[in-house]
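One structure below.
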Amino acid sequence: MSIAEANRKCFDALTDSYDTKPWAGKLNIQLSDALRSRLDWIGVNWVTPDAESKAEAARDVRLLDYACGTGLVSRALGPYVTSTIGIDISPNMVSTYNSRASASGLPSSRISAVVGDLFAAEPSPQFSDPQFFNFDIAAVGFGYHHFDDVLLCTKRLSERLKPGGVLLISDFLQGEGMDEFQGFVNEPKNWEGHHGHADEHSQEHEHTHHHHSHIRGHGKSENSDGGQLAVGLNQELRASIKAFSFDAQGVRGFFEEAGLVDFKLCALEEKVYMEFAGEKMERTVFFARGRKPIG
């Protein structure tokens, strides 16, 4: 099974419980606040919410929310852009995204998501349409550790930006506590009291992947139902993760190799709290951004 198919299968299964747990709600608020407090740092010429001037009203600021999930990034940045397009490989995630967008009262012309994979060898012809290009910002919230080739993905997203547009990603920073989740993923629990065995070949491949710049997971894997369902979701999660940690130097490397400039990276001072099938964990989140050159 390809990593893309593994991700589709994993997140289709997780959609109903993806961000409904109390800890996930707190995490979403924490990350939304972190994004909104860094608008100047991100460096997009945002619109002013509820602006009354004709010049402001006529200005177009477009967001591409890639691996959009249920729409966390879209909701956080929505007040500061004029239109948002989400793309996700999971049909169930896209359905939930669009249902929530519709419930908010916003027209689909302003915010909507479609199913797709921009990183496929032959992306769907629909993505050749002009509406999928010339974005002011392309954002990926906690998706890079699921991507098969981070350099290719960064190049493909950069192609979707207008000159001067910004690529923004958020994920987890390599460092203290990362072994805890890697062990959880590589040694899937049997909730009847037994333990599985690590996939040594998978571990070796993940540790040597491009730039050594990957991550060890986030709230998408949460499952508290126990029994064999927990084991199954754990296995699906393991199959969907390409590697387990990002370091700052590696992120800078694939941003710059993809042709982006003005690279910046910052880490949140407050760690985020998550739960994985009863395991409680804290992680450090980072944001990284780079700009597509003008000319």
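A few points about this structure:
- Single match in Ser95, Ser83 (criterion: more than 26 Å from Phe286 (Cβ to Cβ) and surrounded by fewer than 17 Cβ atoms within 10 Å (Cβ to Cβ)): Ser95
- When the residues of the stretch 58-94 are filtered to those that are assigned to a loop (DSSP other than H, G, I, E, B), in contact with a strand residue (DSSP E or B) (Cβ under 9 Å, 6 or more places away or on another chain) and not hydroxyl-bearing (Ser, Thr, Tyr), the one that is nearest to Val150 (Cα to Cα) is Ala67.
- Among the residues of the stretch 253-294, those identified as closer than 20 Å to Lys21 by Cα and surrounded by 19 or more Cβ atoms within 10 Å (Cβ to Cβ) are Val272, Met274, Phe276, Ala277, Met281, Arg283, Val285.
- Test: residue in the stretch 158-167 that is part of a strand (DSSP E or B), surrounded by fewer than 24 Cβ atoms within 10 Å (Cβ to Cβ) and among the basic types (Lys, Arg): yes
- Subset of the stretch 66-92 (residues that are in contact with a helix residue (DSSP H, G or I) (Cβ under 7 Å, 6 or more places away or on another chain) and among the hydroxyl-bearing types (Ser, Thr, Tyr)): Tyr66, Thr70, Tyr80, Thr84, Ser90
- The condition of being buried (at least 20 other Cβ atoms within 10 Å of the Cβ), closer than 24 Å to Pro163 by Cβ and of a type outside the set (D, E, K, R) holds for only one of Leu77, Leu72, Leu31, that being Leu77.
- The residues of the stretch 98-108 that are surrounded by 14 or more Cβ atoms within 10 Å (Cβ to Cβ) and not polar (S, T, N, Q), listed by number, are Arg100, Ala101, Leu106.
- Considering the stretch 257-295, and only residues there that are over 18 Å from Lys26 (Cβ atoms) and among the β-branched types (Val, Ile, Thr), the residue that is modelled with the lowest pLDDT turns out to be Ile294.
- Across the stretch 73-93, the qualifying residues are those that are among the aliphatic types (A, V, I, L, M) and modelled with pLDDT of 95 or more, and the one among them that is farthest from Asp171 (Cα to Cα) is Val81.
- Any hit, the stretch 57-69, residues being surrounded by fewer than 13 Cβ atoms within 10 Å (Cβ to Cβ) and not hydrophobic (A, V, I, L, M, F, W, C): yes
For every residue, the table says whether it meets (1) touching a residue at least 24 places away in the same chain (Cβ under 8 Å); (2) out of contact with any Ser or Thr (no Cβ under 6 Å at 6 or more places or on another chain); (3) crowded, with 17+ Cβ neighbours inside 10 Å.
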site	(1), (2), (3)
Ile87	yes, yes, yes
Arg110	yes, no, no
Gly116	yes, no, yes
Pro125	no, yes, no
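- Residue ID - modelled with the highest pLDDT, chosen from residues in the stretch 16-33 that are of a type outside the set (Gly, Ala, Ser) and within 17 Å of the chain's Cα centre (by Cα): Asp33
- Within the set Ala13, Ala55, the sole residue that is more than 24 Å from Gly116 (Cβ to Cβ), assigned to a helix (DSSP H, G or I) and at pLDDT below 70 turns out to be Ala55.
The values are calculated or read from the model by the stated rules, or taken from the named source; none is laboratory data. Keep in mind that this is a model prediction, so the values were computed, not measured. Backbone-built Cβ (ideal geometry, glycine too); neighbour counts: all protein chains shown.
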